[in-house]
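First the structure, in the form of structure tokens, and then the observations on it.
The values are calculated or read from the model by the stated rules, or taken from the named source; none is laboratory data. Bear in mind the structure is a predicted one, so any value in this text is a computation, not a measurement. Note that we place each Cβ from the backbone using ideal geometry, even for glycine, and neighbour counts take in every protein chain shown.
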Amino acid sequence: MTITIDQAAPVGTTSTRLTRPAPGPTLLSAREVTKSYAVGRRRAEILHGVSLGVAAGEMCAVMGPSGSGKSTLLYCLAGLEQPTTGSIDLLGRNLATVSRGELARLRRSEVGFVFQSYNLVPTLSVGENVALPWRLRRLLPPRDAIREAMATLGIESLARSLPISLSGGEQQRVALARVLAQSPRVVFADEPTGALDTTTGHVVLDQLAAIAADPQRAVLIVTHDPNVAARCDRVMFMRDGRLERQLSTPSAADVALVMAELSDGSTSSRS
Ligand SMILES: Nc1ncnc2c1ncn2[C@@H]1O[C@H](COP(=O)(O)OP(=O)(O)OP(=O)(O)O)[C@@H](O)[C@H]1O
């Protein structure tokens, strides 16, 4: 099997094997990000100096063994967690210095989240949840875009339902419909197909790929699924809180091979 591992290229530089036109400007970057939590009297070091960049027009995946810090990294990059040290730039704003109000505005208008556990308001109907970003900004929701997004994801008939009455996969589709209708510049997705059947999973990935095909936008996905990673332009691999490798436009088999190596500890390249 031929496997292309861009070990020479530091993680965060532009990939050399892109299927799409060369990516645009960097929309998201992290420099030497660390994250630790207090656990009893000691601190658990979760991220160790992570640096990366995601350019406009890219769909990137973050993979790694369970507990390697993928979700923690995603939450830091999205401005939902503060790194302990290091800096993150999202859409030209340094997240360490941006005001709370500006960060909230950024999240509502320019950033989309597809997180399983994230932000469906239980007391609002599905339709109201999809329209929430506009309501929060006191704007009129774009009815056509919302209807189209819900139709694309097959959840039109659920418009009046409450989230509690939906399956995990349906809730995930509601979160994605909100993102599609919003058309944000950067989308963060944590296991976006995790709770979905194969067909709906393909629909979701197609939609995320369509967002990233826009040269003004980018998508960053955390996934365990090599088939999801294989849909991405670039896959970054974490182990023990470090980004260790990346693959450009890999096959699912390439991804699975690297994951197997990372999981059994057979790679040794640590910075
Ligand atoms: N708030 C917290 N306090 C203490 N430890 C935490 C906290 N959040 C995460 N951790 C720890 O950080 C480590 C990395 O967690 P994280 O969820 O980022 O990993 P992951 O790679 O996304 O894992 P998985 O693939 O299983 O979802 C884990 O050991 C986890 O227990």
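Filtering segment 209-235 to residues that are of a type in the set (A, V, I, L, M), surrounded by fewer than 21 Cβ atoms within 10 Å (Cβ to Cβ) and touching an Asp or Glu at 6+ places or on another chain (Cβ under 9 Å) leaves only 230. Of the residues in segment 182-205, not one is over 20 Å from the mean Cα position of the chain (by Cα), among the small types (Gly, Ala, Ser) and farther than 21 Å from residue 78 by Cβ. Note on segment 82-96: among residues that are outside any strand (DSSP E or B) and of a type outside the set (Val, Ile, Thr), the one that is nearest to the chain's Cα centre (by Cα) is 91. Residues of segment 97-116 include at least one that is closer than 17 Å to residue 28 by Cα, more than 19 Å from the chain's Cα centre (by Cα) and part of a loop (DSSP other than H, G, I, E, B). Entry remark, segment 146-158: residues being surrounded by 17 or more Cβ atoms within 10 Å (Cβ to Cβ) and in contact with a Ser or Thr (Cβ under 8 Å, 6 or more places away or on another chain) number 1 in total.
Taken over segment 26-42, the criterion of being over 17 Å from residue 222 (Cα atoms), more than 9 Å from the ligand (Cβ to nearest atom) and surrounded by fewer than 20 Cβ atoms within 10 Å (Cβ to Cβ) is satisfied by 26, 31, 32, 34, 40, 41, 42.
This table checks each residue for (1) within 17 Å of residue 90 (Cα to Cα); (2) modelled with pLDDT under 95; (3) part of a helix (DSSP H, G or I); (4) of a type in the set (Asp, Glu).
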| position | (1), (2), (3), (4) |
| --- | --- |
| 32 | yes, no, no, yes |
| 35 | no, no, no, no |
| 38 | no, yes, no, no |
| 50 | yes, no, no, no |
| 53 | yes, no, no, no |
| 60 | yes, no, no, no |
| 66 | no, yes, no, no |
| 76 | yes, no, yes, no |
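Scanning segment 117-159 for residues that are assigned to a helix (DSSP H, G or I) and free of Cβ contacts under 8 Å to residues at least 12 places away in the same chain yields a total of 9. Going by the conditions given, is residue 206 among the charged types (D, E, K, R) and surrounded by fewer than 23 Cβ atoms within 10 Å (Cβ to Cβ)? Answer is yes for this residue.
Selection of segment 58-75 for residues being in contact with a Lys or Arg (Cβ under 6 Å, 6 or more places away or on another chain) and either under 16 Å from residue 189 (Cα atoms) or more than 9 Å from the ligand (Cβ to nearest atom) (or both) yields 60, 62, 64, 72.
Going residue by residue through segment 186-209, is there one that turns out to be among the polar types (S, T, N, Q), within 16 Å of the ligand (Cβ to nearest atom) and touching a residue at least 24 places away in the same chain (Cβ under 8 Å)? Within segment 186-209, one or more residues are among the polar types (S, T, N, Q), within 16 Å of the ligand (Cβ to nearest atom) and touching a residue at least 24 places away in the same chain (Cβ under 8 Å).
Based on what the data block shows, is residue 243 touching a Gly at 6+ places or on another chain (Cβ under 7 Å), within 21 Å of residue 71 (Cα to Cα), within 16 Å of the ligand (Cβ to nearest atom) and not small (Gly, Ala, Ser)?
No, not satisfied.
Checked against the criterion of being within 11 Å of the ligand (Cβ to nearest atom), more than 22 Å from residue 229 (Cβ to Cβ) and at pLDDT 95 or above, segment 86-98 contains not a single residue that satisfies it.
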